[in-house]
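First up is the structure itself, then whatever we jot down about it.
The values are calculated or read from the model by the stated rules, or taken from the named source; none is laboratory data. Fair warning: this is a prediction, and the values are worked out from it, not measured in the lab. All Cβ positions, even for glycine, are placed from backbone atoms using ideal geometry, and neighbour counts span all protein chains on display. In case anyone asks, the SASA skips ligands and DNA or RNA and just uses the protein heavy atoms, side chains included. Shrake-Rupley method; radii C 1.70, N 1.55, O 1.52, S 1.80 Å.
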Amino acid sequence: MDYSKCIICPRECGIDRTAGETGFCRCPDVALVAKTMLHKWEEPVLAGSGGSGAIFFGGCTLGCKYCQNRAISASPAGTPMDSAALRKEMEKLIAQGAENIDLVTPTHFLPTILPALRPKLPVPVVYNCGGYEKAETVGKLNGLVDIYLPDMKYGDNALAEELSNAPGYVETALSTIREMVRQTGNVTFIGEKMVRGVIVRHLILPGQVENSLKVLDLLGENFRSGEILVSLMRQYTPMGILPAPYDRRITDEEYEAVLSWMYLNGLQGFTQEESSATEAFIPDF
C-alpha cells in the first residue's frame with residue numbers, strides 16, 4: 001500500500017500523491033496531524049481514567065455536510081508528520097497516561113501510519129473511522145489494531161450520497177465491519193476496560209429516524225451477540241447553515257424511538273445523555 005497510485009479508500013482515485021496530485025480527500029503523501037490530546041469523552045470502556053490518546057488527522061474520505069470536525073476535515077489541516085514523528089507522538093501520549101492510542105479518521109494516511117504501529121505499542125490501538133473503508137485496506141491492519149470504532153452512518157444509500165457523497169455506503173460499511181470482527185473476534189474486557197473488539201457508532205440524525213432503524217436492523221441481522229457493541233449517539237449538533245431538518249438537534253421522541261429499536265434488535269452497547277449535544281464537546285482545533 002502506498003500513495004503513488006492511491007486506491008486506499010473506496011473512491012479509488014488512482015492519483016499519484018507523491019507527485020503532488022490530490023484526489024477526493026485532497027491530502028498529500030504525508031500524514032497531517034491536526035491535534036493530539038488525552039480525550040476524556042470517548043466511550044467509558046475506552047477512555048478510562050486517563051483518557052484515550054487521540055490523534056486527529058486532517059482531511060477525510062467522506063464529505064458529510066454536518067461534520068463536527070469540518071475545521072480540519074473539509075480543508076485538510078495539520079502538521080505534516082512522517083512515520084517516525086508519528087510514532088513519537090504516540091509514545092508521548094502513552095507517557096502522559098493514555099489508556100490507548102486512538103487514531104481518528106486515519107484511513108487516507110495508512111501508508112504513513114502502518115510503519116508507526118510497529119513494533120506493537122504497549123497499549124491498545126483504536127481505529128476510529130467513518131465506516132466508508134475498503135475491507136481489503138482494513139485487512140492490512142490485522143494484528144496492529146486491537147479495537148475498531150467504525151461508524152455505521154446510514155442504512156439508506158440514497159441518504160449516504162445526499163449527505164456524505166458516499167455511493168454504496170451501506171454495503172461497503174457492512175463489508176468493512178465484517179472484516180473488523182473477523183480480525184478481533186468477540187468483544188473482550190479486562191475488568192471495566194475494553195481491550196479487543198468492535199464498537200459500531202451510529203449518530204442519530206434529526207428527521208431521519210427511519211434511517212437509524214434501518215441501520216439497527218442491518219446490524220442485528222449481520223452480527224451475533226458478542227461480536228459487536230453499538231454506541232448510539234445523540235450528540236448531533238447543527239454546524240454551519242444547513243436546511244431543515246438538519247438545522248436542529250434531535251428530539252427526545254426521536255432518540256427514544258431509536259433506542260427502543262436498538263434493544264428490540266438484541267443489540268447491546270452504549271447510550272448518550274442529552275448534554276453531549278453541544279459544541280463544548282467538539283475538540284478545539
Check your understanding: If you take the residues of the range 113-135 that are of a type in the set (Gly, Ala, Ser) and under 24 Å from ALA166 (Cβ atoms), which of them is least open to solvent (accessible area, probe 1.4 Å)?
Key -> GLY131
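So which residues in the range 79-97 are open to solvent by 10 Å² or more (accessible area, probe 1.4 Å) and either at pLDDT below 95 or within 21 Å of GLY50 (Cα to Cα) (or both), if there are any at all?
Quick first cut of the range 79-97, residues open to solvent by 10 Å² or more (accessible area, probe 1.4 Å) only: 79-85, 87-89, 91-92, 94-97.
Answer for the range 79-97, where residues must be open to solvent by 10 Å² or more (accessible area, probe 1.4 Å) and either at pLDDT below 95 or within 21 Å of GLY50 (Cα to Cα) (or both): ARG87, LYS88, GLU89, GLU91, LYS92, ILE94, ALA95, GLN96, GLY97.
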Revision key, fill the gap. Log entry, pairs with first residue in the range 213-225 being more than 22 Å from THR188 (Cα to Cα), second being acidic (Asp, Glu), beta carbons closer than 8 Å, six or more apart or on different chains, reads LYS214/ASP156
Review point. LEU121: of a type outside the set (Gly, Ala, Ser), at pLDDT 95 or above and either under 26 Å from ILE7 (Cα atoms) or part of a helix (DSSP H, G or I) (or both), yes or no?
Key: no
**Study point:** Residues satisfying the stated conditions in the range 58-74, i.e. of a type in the set (D, E, K, R) and either crowded, with 20+ Cβ neighbours inside 10 Å or assigned to a loop (DSSP other than H, G, I, E, B) (or both)
**Key:** LYS65
Study note, to complete from the structure: Note: among LEU229, LEU216, LEU259, LEU242, just one is of a type outside the set (Asp, Glu), within 23 Å of GLY197 (Cα to Cα) and not in a helix (DSSP H, G or I), namely LEU229
Check your understanding: Can you find even one residue in the range 103-112 that is surrounded by fewer than 15 Cβ atoms within 10 Å (Cβ to Cβ) and at pLDDT 95 or above?
Key -> no
Exercise for review: Keeping to the range 75-114, report how many residues are in a helix (DSSP H, G or I), in contact with a strand residue (DSSP E or B) (Cβ under 7 Å, 6 or more places away or on another chain) and among the small types (Gly, Ala, Ser).
Suggested key: 0
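Which one of ARG224, ARG196, ARG201 is under 21 Å from GLU133 (Cα atoms) and open to solvent by 40 Å² or more (accessible area, probe 1.4 Å)? It would help to see each step written out before you state the result.
Values: ARG224 fails: under 21 Å from GLU133 (Cα atoms); ARG201 fails: open to solvent by 40 Å² or more (accessible area, probe 1.4 Å).
Result: ARG196 is the single residue among ARG224, ARG196, ARG201 that is under 21 Å from GLU133 (Cα atoms) and open to solvent by 40 Å² or more (accessible area, probe 1.4 Å).
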Review point. From the residues in the range 22-42 that are crowded, with 20+ Cβ neighbours inside 10 Å and modelled with pLDDT under 95, which one is farthest from PHE270 (Cα to Cα)?
Key: HIS39
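Conditions tested, residue by residue: (1) without any contact (Cβ under 8 Å) to a residue 12 or more places away in the chain; (2) of a type outside the set (A, V, I, L, M, F, W, C); (3) over 20 Å from SER231 (Cβ atoms).
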{"position": "ALA84", "(1), (2), (3)": "no, no, yes"}
{"position": "ALA98", "(1), (2), (3)": "no, no, no"}
{"position": "TYR127", "(1), (2), (3)": "no, yes, no"}
{"position": "ASP146", "(1), (2), (3)": "no, yes, no"}
{"position": "ILE177", "(1), (2), (3)": "no, no, no"}
**Study point:** Qualifying residue in the range 158-168 (condition: more than 21 Å from ASN222 (Cα to Cα), in a strand (DSSP E or B), open to solvent by 30 Å² or more (accessible area, probe 1.4 Å) and not polar (S, T, N, Q))
**Key:** no
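Can you confirm whether the range 236-245 contains a residue that is closer than 18 Å to ARG201 by Cα and either modelled with pLDDT of 90 or more or out of contact with any Lys or Arg (no Cβ under 6 Å at 6 or more places or on another chain) (or both)? Give the steps one after another, and end with the answer.
First, pick out the residues of the range 236-245 that are closer than 18 Å to ARG201 by Cα: 236-237.
Subset that is either modelled with pLDDT of 90 or more or out of contact with any Lys or Arg (no Cβ under 6 Å at 6 or more places or on another chain) (or both): 236-237.
For the range 236-245, residues closer than 18 Å to ARG201 by Cα and either modelled with pLDDT of 90 or more or out of contact with any Lys or Arg (no Cβ under 6 Å at 6 or more places or on another chain) (or both): present.
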Point to revise | Within the range 142-154, considering residues that are open to solvent by 20 Å² or more (accessible area, probe 1.4 Å) and either out of contact with any strand residue (DSSP E or B) (no Cβ under 7 Å at 6 or more places or on another chain) or outside any loop (DSSP other than H, G, I, E, B) (or both), the one farthest from VAL123 (Cα to Cα) | key: ASP151
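Within the range 43-55, work out how many residues are among the polar types (S, T, N, Q) and either under 18 Å from ILE7 (Cβ atoms) or at pLDDT below 95 (or both).
Here is the first cut: in the range 43-55, the ones among the polar types (S, T, N, Q) are 49, 52.
Next, only the ones that are either under 18 Å from ILE7 (Cβ atoms) or at pLDDT below 95 (or both) stay: 49.
Number satisfying all stated conditions: 1.
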